[in-house]
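**Q** So that we are looking at the same thing, I have put the structure below in structure tokens.
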Amino acid sequence: MVDEALKAKEAGEEKVILFNYSGHGLLDLGAYDKYFSGQLENYELSDEELSASESVFADFPKPQRMKSR
């Protein structure tokens, strides 16, 4: 991300760079505790659950790839 911003600055281009910074360590502590104590269960979604969750994004714009130089 920083590299892309520096390239744009160097080229005199204005770009929008979007990134997702999520998670909050404090809220993850319970999961870390379960993981390290061997109590965290691996849960696999069914194909139906995956399809249902993907359908939420059906009307969202599709991401566009940045062109490499």
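Bear in mind these aren't lab numbers, they're just calculated from the coordinates by the rules spelled out. The structure presented is a predicted model; accordingly, all values stated were derived computationally and were not measured. Using ideal geometry, Cβ is built from the backbone for each residue, glycine included, and neighbour counts are taken over all protein chains shown.
**Q** For residue 62, indicate whether it is of a type outside the set (S, T, N, Q) and more than 19 Å from the chain's Cα centre (by Cα).
**A** Judged against the criteria, residue 62 is not a match.
**Q** Which residue is nearest to residue 2 (Cα to Cα), if the candidates are limited to region 13-69 and must be acidic (Asp, Glu) and part of a helix (DSSP H, G or I)?
**A** Among those residues, the one meeting the criterion is 28.
**Q** For region 1-10, how many residues are loosely packed, with under 10 Cβ neighbours inside 10 Å and assigned to a helix (DSSP H, G or I)?
**A** Total satisfying the criteria: 3.
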